[in-house]
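The values are calculated or read from the model by the stated rules, or taken from the named source; none is laboratory data. Everything numeric here is computed off the predicted structure, so don't read it as measured data. In this analysis, Cβ positions are derived from the backbone assuming ideal geometry, glycine residues included, and neighbour counts consider all displayed protein chains.
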Amino acid sequence: MIAETVCSAVAAAGLGIAAVTAYRKRFLAAARIAAYALVPLGLVMTGVVEWAADTAFSPTAWAGFGVLGAAWALFATTRVVERRRGGGTRKERRAAARSAHTGAVAPAASAPSLGQGARPASRPAAAPGATPSDDFSDIEAILKKHGI
């Protein structure tokens, strides 16, 4: 009963502040204040405040919160263990699954292509005086691109 009285008093005070704000020609702010002031009154009228007061003093409700906390702790623990075992993040698992599903054949192709097709004829020869380490620069660029 005290909670309902306090909520009603807060609503009345808020509506008074909204009236003063509207008197100062700040109608948008006054409407916003009035909306906030009516929330506690609406909660009292719907019975939410009474339900919350009953829940706060109920041992069964507190036991239920304890069970919910235990369930959350178990869930969090299993997530930590999963990540430590190498499951990785959700994004990493999705990327691994996506890369496992990709094949050498395009999805719309019925059979693999035969022959050269649109492949370039050949790679240009290395420049004279090029060292073997220059040949690996392409490979290094590809590996860096993929984060390897």
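Residue-by-condition table, conditions (1) under 21 Å from the mean Cα position of the chain (by Cα); (2) modelled with pLDDT of 80 or more:
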position: A73; (1), (2): yes, yes
position: R83; (1), (2): yes, yes
position: G87; (1), (2): yes, no
position: K91; (1), (2): yes, no
position: A100; (1), (2): no, no
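Results for (1) surrounded by 10 or more Cβ atoms within 10 Å (Cβ to Cβ); (2) of a type in the set (S, T, Y), shown as yes or no for each residue.
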residue: T46; (1), (2): yes, yes
residue: A52; (1), (2): yes, no
residue: S58; (1), (2): yes, yes
residue: W62; (1), (2): yes, no
residue: A73; (1), (2): yes, no
residue: E82; (1), (2): yes, no
residue: G86; (1), (2): no, no
